[in-house]
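No value in this document is a laboratory result; all are computed from the given coordinates. Remember, it's a predicted structure, so these values are computed and weren't measured experimentally. Here the Cβ is made from the backbone with ideal geometry for all residues, glycine too, and neighbour counts use every protein chain on show.
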Amino acid sequence: MRTSLFLAAAAFFATAASADGSHRERQHHRFDTRVAIGFRISPVQLDLRGKNPAMVGLGSYVVNAAGACNDCHTHPSYAPGGDPFQGQPEMINTEQFLSGGRQFGPIVAPNITPDENGRPGGYTADEFLALMRTGHDPRSPERILQIMPWNVYGKMSRVDLLAMYEYLRAIPALPDNPAPGP
């Protein structure tokens, strides 16, 4: 009886460990898949020097596939002849990619490309996380961002938000969009 109880317990724990191992493998595969997609869909060349490539790829996935950052932070969003809403094959406007300029009444989406210190929009990682979680711009903490869907992004994991930051550090720095518009 004791031996069969021991064997049953051993079988249970072996099965649980195996299931846990396959869960980890699925999670790892999912992460690797998102990283690979992120690199494939980035519309601009990336500078990976001094950056975590896996986080850059994941960040591209979040920014370009899930976050729709281009829609507000690039104006116009699409290159001439590349507007999918006009039935054209999608071509992102890489000349102004994430350099801001989309107007929402009196509010203009800011440039979120790296500044001269390599910080997206001029934010440190901690400032970026705080902005994404609370909607308070560290430069004007009394003001809550009205257009930016920070309340949605704030629900993302810390890893996803830091991956966004790492991706934004890797894209080309651009001056503010010279032709803002709706």
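Can you pull out the residues in segment 72-89 that are farther than 18 Å from Val44 by Cβ and small (Gly, Ala, Ser)?
Gly81, Gly87
Look through Met164, Met156, Met132 and report the one residue that is under 17 Å from the mean Cα position of the chain (by Cα) and not in a helix (DSSP H, G or I). Explain how you work it out, then say what you get.
Details: Met164 fails: not in a helix (DSSP H, G or I); Met132 fails: not in a helix (DSSP H, G or I).
One residue alone meets the criteria, Met156.
Name the single residue that is nearest to Ile107 (Cα to Cα) among those in segment 128-153 being surrounded by fewer than 16 Cβ atoms within 10 Å (Cβ to Cβ), hydrophobic (A, V, I, L, M, F, W, C) and in contact with a strand residue (DSSP E or B) (Cβ under 8 Å, 6 or more places away or on another chain).
Ile147
Out of everything in segment 90-111 that is part of a loop (DSSP other than H, G, I, E, B) and touching a Ser or Thr at 6+ places or on another chain (Cβ under 8 Å), what residue ends up being farthest from Leu46 (Cα to Cα)?
Gly101
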